[in-house]
1. Inside the range 300-334, can you point out the residues that are modelled with pLDDT of 95 or more and among the small types (Gly, Ala, Ser)?
2. Which of the residues spanning the range 59-78 are closer than 24 Å to Thr211 by Cα and surrounded by 17 or more Cβ atoms within 10 Å (Cβ to Cβ)?
3. Name the single residue that is nearest to Glu315 (Cα to Cα) among those in the range 146-162 being away from ligand 1 (no atom under 11 Å from the Cβ) and in a strand (DSSP E or B).
4. Evaluate the following for Thr11: is it away from ligand 2 (no atom under 13 Å from the Cβ) and of a type outside the set (D, E, K, R)?
5. I'd like to verify a number: residues in the range 163-177 that are touching a Leu at 6+ places or on another chain (Cβ under 8 Å) and more than 15 Å from ligand 1 (Cβ to nearest atom), how many?
6. Does the range 73-131 hold any residues that are within 16 Å of ligand 1 (Cβ to nearest atom), free of Cβ contacts under 8 Å to residues at least 60 places away in the same chain and small (Gly, Ala, Ser), and which are they?
7. Can you tell me how many residues within the range 119-145 are surrounded by fewer than 17 Cβ atoms within 10 Å (Cβ to Cβ) and either β-branched (Val, Ile, Thr) or assigned to a strand (DSSP E or B) (or both)?
8. Condition (residue is over 20 Å from Ile63 (Cβ atoms), within 16 Å of ligand 2 (Cβ to nearest atom) and surrounded by fewer than 23 Cβ atoms within 10 Å (Cβ to Cβ)) applied to the range 159-176: is it met by at least one residue?
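The values are calculated or read from the model by the stated rules, or taken from the named source; none is laboratory data. Fair warning: this is a prediction, and the values are worked out from it, not measured in the lab. Positions of Cβ are backbone-derived with ideal geometry, glycine not excepted, and every protein chain shown enters the neighbour counts.
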Amino acid sequence: MKERVIIDCDTGIDDALALVLALSRPELDIVGITTVAGNVDVENTTRNTCNVVHLLGRDDIRIAKGEPKPLEREPLRASGVHGVTGLRGYTFDSDWKENLLDIHAVEFMKRLLEESDEKTTIIAIGPVTNVAKLLIEHPEVKDRIRRIVFMGTSYHCGNPTPVSTFNVLVDPEAFRKVIFSGVEFVACPLEVTKTATIEPDEVERLDAMGTPVARFAASIIRGYGITKIGADEKIDTANEEVISENRLKAAKESNEVTMHDPATIAYVIDPSLFTTAKYYCDVECKGELTTGFTLIDKNDYYKKEDDERNLTLMESIDRPRFIDLFLDSVRRYG
Ligand code: RIB
Ligand code: CA
């Protein structure tokens with residue numbers, strides 16, 4: 001049975017790879033995609049999303065632009081990881097805007113939830129600013145959400161800070177609104193995604209496919225992160241999308257890419273790749289050092305009842321089967 005899905009994303013490199021996976025799969029009925037500021041500004045996350053969806057041949061999927069900044073805070077960006085435009089390593093010949101609606105992402109989400117008797121899953125692979133605004137402005141649609149599947153949280157590591165993950169750190173107030181909303185909340189934490197890396201030899205299998213989508217995926221994977229050699233080269237930000245030879249060489253040799261967002265999508269496609277457990281979760285919003293820290297009560301310190309355990313946490317992933325799923329998804333585009 002297909003799962004009715006909205007994908008909310010801050011399309012940078014791993015979001016784009018998540019779209020490659022999601023848009024090829026029969027298990028997902030993707031009724032809409034919404035964009036939010038995160039890795040880069042919302043103009044670029046929206047532009048990237050529209051161009052990637054068009055490259056994947058899915059002009060049937062409508063897209064709506066969302067929030068340009070967090071509920072209360074100034075924006076944080078991750079352009080060092082994803083590049084100035086968000087898709088370092090690849091430049092589209094032109095921009096495709098035909099699928100872009102002129103309504104706000106939150107309004108689009110509301111309409112999608114109301115138009116069907118079937119509940120809809122929201123897969124949130126960026127900061128949850130749009131999702132929080134939906135719950136604040138339209139509480140009446142809450143019961144139409146089947147579940148929220150989110151990339152983020154951690155319990156003993158963090159990125160970029162030692163204790164918080166980007167999608168929570170950007171908008172912890174939005175995250176708190178969502179995890180206490182009463183909607184089923186499933187998270188793919190950094191402890192899982194950091195084991196879901198794609199290695200240089202697996203990226204070479206993309207090269208061997210020789211298709212436009214495989215070339216796109218391999219190009220942005222090699223543009224991800226700050227390669228070791230890249231750290232000392234002078235990055236010409238005006239042309240940063242064209243990876244320098246030494247950065248490309250370094251990426252081909254050593255750049256393992258953490259597939260944060262594709263791993264999250266994979267949970268909805270094939271949950272048998274994961275183990276999960278339920279815990280009580282809250283988030284630090286005022287910490288001088290710990291803002292964005294997700295408190296996950298693994299030892300039941302707070303003695304919460306089952307119905308107060310508001311987080312279903314993924315705890316392991318079968319990496320080989322996940323990578324096979326991803327590579328197979330690329331192959332499906334022919
Ligand atoms: O921490 C990684 C997450 O933050 C990913 O979703 C990445 O795309 C960024 O949004
Ligand atoms: Ca993301």
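1. Scanning the range 300-334 gives Ser316, Ser329.
2. Step one: of the range 59-78, the residues closer than 24 Å to Thr211 by Cα are 59-61.
Hit for the range 59-78 is Ile61, nothing else.
3. Val149
4. Details: away from ligand 2 (no atom under 13 Å from the Cβ): no; of a type outside the set (D, E, K, R): yes.
Spelling it out, it is not the case that Thr11 is away from ligand 2 (no atom under 13 Å from the Cβ) and of a type outside the set (D, E, K, R).
5. Step one: of the range 163-177, the residues touching a Leu at 6+ places or on another chain (Cβ under 8 Å) are 163, 165-166, 169-171, 173-174, 177.
Next, from what is left, pick out any that are more than 15 Å from ligand 1 (Cβ to nearest atom): 173, 177.
Number satisfying all stated conditions: 2.
6. Answer for the range 73-131, where residues must be within 16 Å of ligand 1 (Cβ to nearest atom), free of Cβ contacts under 8 Å to residues at least 60 places away in the same chain and small (Gly, Ala, Ser): just Ser79.
7. The number of residues fulfilling the criteria is 1.
8. yes
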